[in-house]
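Let me begin by presenting the structure, written as structure tokens, before commenting on it.
The values are calculated or read from the model by the stated rules, or taken from the named source; none is laboratory data. What you see is a predicted model, and the numbers here were worked out from it, not measured in a lab. Backbone-built Cβ (ideal geometry, glycine too); neighbour counts: all protein chains shown. Only protein heavy atoms, including side chains, enter the accessible area calculation; ligands, DNA and RNA are left aside. Shrake-Rupley method; radii C 1.70, N 1.55, O 1.52, S 1.80 Å.
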Amino acid sequence: MNPYRVYGKGRIDHRAPVSFTFDGKTYEGRRGDTVASALLANGVHLMGRSFKYHRPRGPVSAGSEEPNALIGTKRGTGRYEPNTRATVQEIYPGLKTNSQNTYPSLKFDLGAVNDAAYMLFSAGFYYKTFMWPKSFWDKVYEPFIREAAGLGRSPTERDPDHYASRYHHTDVLVVGTGPAGIAAALSAARTGLRVTLVDENAEAGGTLLSEPQAVIDGAPAWDWLEAQLAELKALGVRVMTRTTAIGYYHQNMVALCEKLTDHLDAPDPDMPRERMWRVRAGQVILAQGALEKPLVFDGNDRPGVMLAGAAQTYLHRYGVLVGKRAVVATSHDSAWYASFDLHDEGCEIAAIVDTRADLRADLVEAAAARGIEMHLNHSVSGTDGRLRVKSIRINRMRDGKAAFGRRIFCDCVLMSGGWTPSLHLFSHTMGKLAWNDDLTAFLPDVKTEACQIAGAGRGLWGIEAALNDGFAMGAAAAEALGKSGATPTLGVTHDRTGTGVTQIELPTDRSPSSARAFVDYQNDVTAKDLRLAVREGMRSIEHVKRYTTNGMATDQGKMSNINGLNIAADALGKPQPQVGLTTFRPPYTPTTFGAFAGYHKGGHFEVTRKTPIDGWAEKNGAVYEPVSLWRRAWYFPQNGEDMDQAVARECRATRESLGIFDASTLGKIEVVGPDAVEFMNRMYTNPWTKLAPGRARYGLLLGDDGFIRDDGVIGRMSQDRFHVTTTTGGAARVLNMMEDYLQTEWGDLQVWLTSTTEQWATIALNGPNARKLLEPLTEGLDLSDEAFPHMSVAECTIAGLPARLFRISFTGELGFEVNVPARHGRALWETLMDAGAQYDICPYGTETMHVLRAEKGYIIVGQDTDGTVTPYDAGIGWAVGKAKPDFVGKRGLARPDLVAPGRKQLVGLLTEDHSKLEEGAQIVRDPKEAVPMTMVGHVTSSYDSVAMGRPIALALLAGGHDLMGEIVHIPMPDRIIAAKVTGTVFYDPDNTRLKL
Amino acid sequence: MLLIHCPYCDETLPELEFAYAGQAHVVRAADPSSQTDEEWRDFLFIRDNVKGVHAERWQHVHGCGRFFNALRHTVSDKFLTTYKAGEPRPVLDDTERSA
């Protein structure tokens, strides 16, 4: 039994009971109910507590603009969602819901002590209260704010649902399925255009669902609606319900969030929970309607106080009376109709209280005929009741001032402060608004996108006006797309047009400073707070908003913005347009992260690039590290080794015999063409003209500012062909940079650039036995040091595979890099592993590669350089071809700051106590200097070196090249470490091992 | 998401296929060594900060790979026109300018 249900009324299925729980108690609703309508049917208004004062709250609206009735919803493990609007969430059997922001319980809440201390929590209280003493911030204020902050609780489990996303192209997108939207869709679709019609509600119809009394073109509203929806279907219009247009972006792209499963009894686990649509429309028609404004009076937030239009919706759409004895407080005609409807279904209307003195005769007569008491020219000065409104206090007004008040007992208050057009999507387009004094509202004015605004969204009230405007705007959209169609005009009887006046906070005979007249319910912002903000110097509405938090709650000020503006404008003594409206931003309503993420989560969050040898590494227990989008084998632990033990073993094996390394991720660019050598001369610092085919050289790439961008070994394959390698992370950047210069600066050069990174698998063999392994496998090439010295390149056959073989080394050992077509990479790797068994061949990962190169002082661009390092700073000035007339960065290297003394330069560091430094640690000269100390550089690379038997480090140090042998200091939290400045080459400085 | 016309592909395609590449018509001197420190500084670092029509470079990076130029209004974000690299900056009439 639902005590407040009107049987036979509404769009719900009265024969289909649905059980759900709220705060552990089971309630029964009907199929088609929302949580709010079902609880109201059970007489429950109290659904939550407010954010700051923990005041008891119930639903004030019946739609997505709801600021108060926020609940948690739960469907099994992992499916908990906080801050769900009870007015939107449909019920299904087994739905579990709970109230929020309550301790220990909704009915008895300790946080409500804030309410008693409200004088302390006025506008800007964060800024005032938490300023002093300064030392309180960390220990007292911040923990307190963090504990108190936020509505609801985030779910702690991983979201088990998945989310979809799709693109959609349509000629006309219509947002809103009220009379304006349906008419617009009809007139556009009748011209043959592809039309998409969306609505955030579970059912299409909008206002028509709340106004069944209207007769459209001779048919009752709901019959007419059914017929039009049938015609839309026949015309092929895609009608999407439970689909919110959350954002309106450039060039008519509208984002739609479609909710697919949150209303279902038992969703198919394979079904996405939500789907994000990116719609590109030829024309967009905004038919979003208008939102009702609350009246601002003391106690306007008590459970049982709600918008009159919401009560009308609960009655007609859900068959629910929101109370047994209502007082209507209004400044707009629309609430009179709502009170008639409730009266006619058995709710006693104790009184209609209107701020206006003169009312339309027909309304007064209709009220009188129903025996309803009327109090015109009256104000409201308060409500009473702890968890539910029990009475309202009203005052006759004389000369705009409130006289002595009287109480009227009631169990609900239906209020209306008039209507404000929903401007949100239009505002997303940066469309200009114009203030309309008659409606006390902003209306859409100058459009920036190909859109039309129809109906109440541009200030037209009543079904007939909205309907016929919809037809006209649908036709206008069609015409803009080159179609022409009829613009029908339909007559509507029993239509409810009306007017009203806009009020700031209502006059009271009590002290206004103790009035709790709420403007923003969710953030507990009162009229008094807004006035205080103005008194304290806030002039722009943007400042008032941020100081008071008005309009900053999850409803984005749907109900509070215009009331807040009117009060701020009054306090400033300025007309509203001069005070301005805050900017609406997407999303229109709160949207899940899942919907935005779509498929981009887990393994699909971003691409994971794998080399052809990755599968072997995986099978052999590699630990991976991400390097740009690649995953690279970091080290290969054996027999329970930790990382240090594995790396030490890999380093030792490589230096003593033979290591094998997957270098396939290196960027590779094939530079080809008659002008290839000239291009290389201009692009890289080094001279290339004299490099003979078959030889390779270390190439250094700068930006035109003179700073190091990238490096890599480059082989000349023939007169007109270079095999360029880049760093793993820099490959795409370098290719783009080359293309940029080639296309836009050096159109005279005949050169073609091709990324070949993924065409080659690259295997590096390093160690004294590298040649012994390769020689028997190589055909067509003499690998001896005389015939194929260090820095050579050749095409040959290795293990029966076509290969480009480099003799190069990034370890300081005798080294080769074998490039074979990617599809042969794994096979070659396995062949080399088998053949290398006799030399105890050791696969090593990127960490060992890093250690071995650091022992030789080979830099890693991006680790030992940071975008402010020149070749001279890095100690590789030898790579700069000073005789060349120009190269990228040549002029930059001569800039005054780049040749000034005291630049940070790359040096080696050896700690006095043989401890390993932390990468990134700062360096100082004088350890006794008072804090803040003068920092002269930082550690860029630091490793335990097996070959050196001690830790080594590289560092960027101011004037470092002139500090060889000196001691610098690295302060750490627990101590200060002394280190000696050295050269960067720690191991085999004479390069004897390269020449084996 | 913006739609951008690639003057090389002669197709209007989603912004996702393109990458912004800085202000247009910044010319690298034929002989950089002849540039004064101030001239080279300006070439490297000094850029317009236009409220209104801005000439800028874009690359059809996930398409043909070509760099081209565009006139875009920095307030509305709208592309007024795109043109090939090397072509002079088009002259707009007043209506286009204010778009």
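Looking only at region A:86-98, how many residues end up being closer than 16 Å to A:V44 by Cβ and open to solvent by 10 Å² or more (accessible area, probe 1.4 Å)? Let's see the steps before the verdict.
Step one: list which residues in region A:86-98 are closer than 16 Å to A:V44 by Cβ, which gives A:86-87, A:89, A:91, A:95-98.
With open to solvent by 10 Å² or more (accessible area, probe 1.4 Å) added as a condition, the list becomes A:89, A:96, A:98.
Number of matching residues: 3.
State whether one or more residues within region A:306-322 are crowded, with 22+ Cβ neighbours inside 10 Å, touching a helix residue (DSSP H, G or I) at 6+ places or on another chain (Cβ under 9 Å) and within 14 Å of chain B (Cβ to nearest Cβ).
no
Failed condition for A:E81, given (1) open to solvent by 10 Å² or more (accessible area, probe 1.4 Å); (2) in a loop (DSSP other than H, G, I, E, B), with all others met?
(2)
Looking at (1) away from every other protein chain (no Cβ under 14 Å); (2) surrounded by fewer than 16 Cβ atoms within 10 Å (Cβ to Cβ); (3) over 21 Å from A:I714 (Cα atoms), which one does A:W829 not meet, given that it meets all the others?
Here A:W829 meets the rest and fails (2).
If I filter region B:36-53 for residues that are open to solvent by less than 40 Å² (accessible area, probe 1.4 Å) and within 24 Å of A:R278 (Cβ to Cβ), do I get at least one hit? Even if it seems obvious, please write down each step before you answer.
First, the residues of region B:36-53 that are open to solvent by less than 40 Å² (accessible area, probe 1.4 Å): B:40, B:43-44, B:52-53.
Add one more test, that the residue is within 24 Å of A:R278 (Cβ to Cβ), and what stays is none.
No, every residue in region B:36-53 fails to be open to solvent by less than 40 Å² (accessible area, probe 1.4 Å) and within 24 Å of A:R278 (Cβ to Cβ).
Against the definition (free of Cβ contacts under 8 Å to residues at least 24 places away in the same chain and open to solvent by less than 20 Å² (accessible area, probe 1.4 Å)), how does A:G385 come out, yes or no?
Values: free of Cβ contacts under 8 Å to residues at least 24 places away in the same chain: no; open to solvent by less than 20 Å² (accessible area, probe 1.4 Å): yes.
No; evaluated as a whole, the condition is false for this residue.
Mind checking which residues of region A:925-948 are of a type in the set (V, I, T) and over 26 Å from A:H850 (Cα atoms)?
In the first step, residues of region A:925-948 are kept if they are of a type in the set (V, I, T); the result is A:931, A:934, A:936, A:939-940, A:946.
Within region A:925-948, A:V931, A:T934 meet the criteria.
Identify all residues within region A:883-903 that are more than 10 Å from chain B (Cβ to nearest Cβ) and either touching an Asp or Glu at 6+ places or on another chain (Cβ under 7 Å) or of a type in the set (D, E, K, R) (or both); write none if there are none.
A:K884, A:R903 - these are the residues of region A:883-903 that are more than 10 Å from chain B (Cβ to nearest Cβ) and either touching an Asp or Glu at 6+ places or on another chain (Cβ under 7 Å) or of a type in the set (D, E, K, R) (or both).
Could you list, in sequence order, all residues of region A:177-200 that are open to solvent by 50 Å² or more (accessible area, probe 1.4 Å) and closer than 19 Å to A:P421 by Cβ?
We begin by selecting, within region A:177-200, every residue open to solvent by 50 Å² or more (accessible area, probe 1.4 Å); these are A:190, A:192, A:194, A:200.
Selection gives A:E200 alone.
For residues in region A:761-780 being open to solvent by less than 60 Å² (accessible area, probe 1.4 Å) and of a type in the set (G, A, S), which is nearest to the other protein chains (Cβ to nearest Cβ)?
Looking only at region A:761-780, we keep the residues that are open to solvent by less than 60 Å² (accessible area, probe 1.4 Å), and these are A:761-771, A:773-774, A:777-778.
This time we only want the ones that are of a type in the set (G, A, S), so: A:761, A:764, A:767, A:770.
Details: A:A761: 25, A:A764: 30, A:G767: 40, A:A770: 38 Å.
By that ranking, first place goes to A:A761.
In region B:1-26, what residues are over 13 Å from B:N69 (Cα atoms), open to solvent by 60 Å² or more (accessible area, probe 1.4 Å) and either part of a strand (DSSP E or B) or of a type in the set (A, V, I, L, M) (or both)?
Filtering region B:1-26 down to residues over 13 Å from B:N69 (Cα atoms) leaves B:1-3, B:9-17.
Going one step further and asking which of them are open to solvent by 60 Å² or more (accessible area, probe 1.4 Å), we end up with B:10-12, B:15-16.
Scanning region B:1-26 gives B:E11, B:T12, B:L16.
Restricting region A:461-471 to residues that are open to solvent by 30 Å² or more (accessible area, probe 1.4 Å) and either without any contact (Cβ under 8 Å) to a residue 40 or more places away in the chain or acidic (D, E) (or both), which is nearest to the other protein chains (Cβ to nearest Cβ)?
The residue in question is A:A465.
Could you grab me the full set of residues in region A:730-760 that are surrounded by fewer than 17 Cβ atoms within 10 Å (Cβ to Cβ), under 33 Å from the mean Cα position of the chain (by Cα) and away from chain B (no Cβ under 14 Å)?
Matches in region A:730-760: A:E758 only.
Is it the case, given these coordinates, that A:V931 is among the aliphatic types (A, V, I, L, M), assigned to a loop (DSSP other than H, G, I, E, B) and open to solvent by 10 Å² or more (accessible area, probe 1.4 Å)? If you could, list the steps in order and put the result at the bottom.
Details: among the aliphatic types (A, V, I, L, M): yes; assigned to a loop (DSSP other than H, G, I, E, B): yes; open to solvent by 10 Å² or more (accessible area, probe 1.4 Å): yes.
Here the answer is yes, as A:V931 does meet what is asked.
For (1) of a type outside the set (A, V, I, L, M); (2) surrounded by 16 or more Cβ atoms within 10 Å (Cβ to Cβ); (3) assigned to a loop (DSSP other than H, G, I, E, B), each residue gets a yes or a no:
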position: A:V888; (1), (2), (3): no, yes, yes
position: A:G908; (1), (2), (3): yes, yes, no
position: A:E918; (1), (2), (3): yes, no, yes
position: A:L954; (1), (2), (3): no, yes, no
position: A:M964; (1), (2), (3): no, no, yes
position: A:D990; (1), (2), (3): yes, no, yes
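Within region A:324-372, can you find the residues that are among the hydroxyl-bearing types (S, T, Y) and out of contact with any Gly (no Cβ under 6 Å at 6 or more places or on another chain)?
A:T330, A:Y337, A:S339, A:T355
Here's the yes/no breakdown for (1) part of a strand (DSSP E or B); (2) more than 27 Å from A:R49 (Cα to Cα); (3) touching a Leu at 6+ places or on another chain (Cβ under 8 Å):
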site: A:G309; (1), (2), (3): no, no, no
site: A:T313; (1), (2), (3): no, no, yes
site: A:G323; (1), (2), (3): no, no, no
site: A:A335; (1), (2), (3): no, no, yes
site: A:L342; (1), (2), (3): no, yes, yes
site: A:G346; (1), (2), (3): no, yes, yes
site: A:A350; (1), (2), (3): yes, yes, no
site: A:L359; (1), (2), (3): no, yes, yes
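Kindly indicate the residue of region A:208-260 that is touching a strand residue (DSSP E or B) at 6+ places or on another chain (Cβ under 6 Å), farther than 16 Å from A:W277 by Cβ and in a strand (DSSP E or B) and also most open to solvent (accessible area, probe 1.4 Å) among those meeting that condition.
Looking at residues that are touching a strand residue (DSSP E or B) at 6+ places or on another chain (Cβ under 6 Å), farther than 16 Å from A:W277 by Cβ and in a strand (DSSP E or B), I get A:V215.
Can you give me the number of residues within region B:54-94 that are part of a loop (DSSP other than H, G, I, E, B) and either more than 13 Å from chain A (Cβ to nearest Cβ) or not charged (D, E, K, R) (or both)? Lay out the reasoning, then the answer.
Here is the first cut: in region B:54-94, the residues part of a loop (DSSP other than H, G, I, E, B) are B:60-66, B:74-78, B:85-93.
Retained after the next criterion (residues that are either more than 13 Å from chain A (Cβ to nearest Cβ) or not charged (D, E, K, R) (or both)): B:60-65, B:74-76, B:85-86, B:88-93.
Total satisfying the criteria: 17.
Conditions first: (1) among the basic types (K, R); (2) closer than 30 Å to A:G881 by Cβ; (3) over 36 Å from the mean Cα position of the chain (by Cα). A:R655 passes all but one, so which condition is the exception?
Here A:R655 clears every test but (2).
Taking the stated definitions as given, is A:R721 outside the structural domain of A:N819 (by the TED database), out of contact with any Phe, Trp or Tyr (no Cβ under 6 Å at 6 or more places or on another chain), basic (K, R) and without any contact (Cβ under 8 Å) to a residue 60 or more places away in the chain?
Working: outside the structural domain of A:N819 (by the TED database): yes; out of contact with any Phe, Trp or Tyr (no Cβ under 6 Å at 6 or more places or on another chain): yes; basic (K, R): yes; without any contact (Cβ under 8 Å) to a residue 60 or more places away in the chain: yes.
Yes, satisfied.
Can you name the number of the only condition in (1) closer than 28 Å to A:S718 by Cβ; (2) in the same structural domain as A:G767 (by the TED database) that A:P674 fails?
Among (1) closer than 28 Å to A:S718 by Cβ; (2) in the same structural domain as A:G767 (by the TED database), A:P674 violates only (2).
Could you please find all residues in region A:966-988 being in a loop (DSSP other than H, G, I, E, B) and open to solvent by 50 Å² or more (accessible area, probe 1.4 Å)? Spell out the reasoning first.
Step one: of region A:966-988, the residues in a loop (DSSP other than H, G, I, E, B) are A:966, A:972-975, A:983-988.
Listed by number, the residues that qualify are A:E966, A:P973, A:D974, A:R975, A:V985.
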